[in-house]
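Here the structure comes first, spelled out in structure tokens, and everything after it is commentary.
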Amino acid sequence: MTRTIKEINEKIKSGEVVVVTVEEIIDIVEKQGVEEATRKVDIVTTGTFGPMCSSGAYFNIGSSRPRIKLGGGSCSLNNVPAYCGFAAYDVYIGATSLLEDDPRNQVYPGEFKYGGGHIIEDLVSGKDIKLFGSAYGTDCYPRKKLETLINIKDLNEAVLFNIRNAYQNYNVAVNLSDKIIHTYMGTLKPNLGNANYCSAGQLSPLLKDPNYRTIGIGTRIFLGGGTGYIAWQGTQHNPSIRRKNNGVPASPAGTIATIGDLKNMDAAWLRGVSMLGYGASLAIGIGVPIPIIDEDTCRSVAVKDSDIYTQVIDYSKDYPNNVSHAIQEVNYEQLKSGMIKIKNKDVPTGALSSYSKAREICEILKQWIKNKKFYLSEPVACLPGAKDNYIQKPLKERPFK
């Protein structure tokens, strides 16, 4: 049996659509089989919520009087550096940008770090933000300094634009050294004291469509509590990674770039993150509906945690130098049990992503669709790797002459 996205949208419109979450489709397939599940179910909702460092927001503050040209000058938001090298009034804030002149950011391993991710959360929450700008002054833009409060409701445009989100699988981080280390995967205790991972596993969007058959450029998604879109493949998109027989990659693979209207988002799904000894980030909620166009898509969305594997990497040594060297592989059922065995040692696990929040996103998206508030979109182009061989190239360092 096959069906099209257009046909599914007609069923949403008529109120006849059958939409279930990942956990529900797993149960349906186990009890009734792939063929019957494909016949009954039109859409499966997926979700993930966790820190995604390669994220940010851009906005236009509007013209000041007299006018100032921030482009070519400098700008900060609550003393967090922002980028303004566009034109006069366009500003971009990255999630990992850190508060200037804050002694807490200079002390290793550091305390709470306020950064770009917190600015984005504060903006969405409706808080006033202090904007400081300086410029060199021109005949048409004579002003040289600007100090003002801005609020999201007063901005002309406010857009969440993230260049790498929703990694398709990711490493499990451990520490084999005899000293504690602080990483973007959290604090890692010495001598295999803990193992941290960051994925919703069986709920995670790109793991449910491993070959990008329905997810592509232009796909409408749940983003930060509002509606967004997949704008492009994300940076470091690497679909050539080794895959299991079920098509699921066993290590970091595909990524997506996402975009959406920040004014329609919710701070519950955009949370500033401070990571000890590393810096600031932004935790983002993303949900992607998977249309069940045929039995293969149904089979993919029903893959369980026990069949999704990832690699364990020693972040004290191998991560900076050789991420292809894995200690071993583990599946997400093992990780979510709270304990895995590495080198004959029981190691407690911890998740940087929230499975409960990912489950909540699946349910919210399901209700949006059932209530005719969310329709599927046809991708305008495939993600690289769906129909071609696409290989992510590492940096080739060349010294200056």
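Computed from the coordinates by the stated procedures, all read-outs in this text should not be read as laboratory data. Predicted model only: the values in this text are computed from it and were never measured. Here the Cβ is made from the backbone with ideal geometry for all residues, glycine too, and neighbour counts use every protein chain on show.
Some values worked out for this structure:
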item: Choice from Asp296, Asp42, Asp261 showing the highest fluctuation, given a GNM over the chain with Cα pairs closer than 10 Å; result: Asp296
item: Built amide H within the under 5 Å cut-off of Gly350, gap 5+; result: Ala195, Asn196, Tyr197
item: Gyration tensor (alpha-carbon) shape descriptor, the chain, a/c threshold 1.5; result: oblate
item: Shape parameters for segment 186-231, alpha-carbon atoms, Rg then Dmax in Å; result: 15.8, 45
item: Entries of Lys40/Lys208; Lys336/Lys393; Lys13/Lys244; Lys40/Lys263 with Cα pairs more than 28 Å apart; result: Lys336/Lys393; Lys13/Lys244; Lys40/Lys263
item: Between helix 5-14 and the chain: long-axis angle, C-alpha atoms, 0 to 90°, nearest 10; result: 90
item: Cβ-placed point charges (K, R +1; D, E -1), dipole of the chain about Cα centre in debye, nearest 20; result: 700
item: Calculated on alpha-carbon atoms, Rg and Dmax of segment 56-159 in Å; result: 13.9, 47
item: Under 5 Å, built H, 5+ apart or other chain: amide partners of Gly254; result: Gln168, Asn238
item: Sorted by Cβ neighbour density within 10 Å, fewest at the top, the residues Thr4, Thr183, Thr255; result: Thr4, Thr183, Thr255
item: Percentage of interatomic Cα-Cα distances in segment 191-262 larger than 21 Å; result: 33
item: Table column - 3J(HN,Hα) (Hz), segment 389-399, Karplus curve with 6.51, -1.76, 1.60, x for Gly and Pro; result: 8, 10, 10, 6, 8, x, 5, 9, 6, 10, x
item: With Cα atoms, 0 to 90° folded angle of helix 22-32 axis to the chain main axis; result: 10
item: Listed residue (Leu149, Cys198, Gly218) projecting farthest to the positive dipole end of the chain, Cβ model; result: Leu149
item: Sum of -39500 (n - 2.57) over DSSP H runs of 4+, divided by residues of the chain (222 nm, nearest 500); result: -5000 deg cm²/dmol
item: Cα gyration tensor category, rounded, prolate or oblate, for segment 308-401 with a/c compared to 1.5; result: oblate
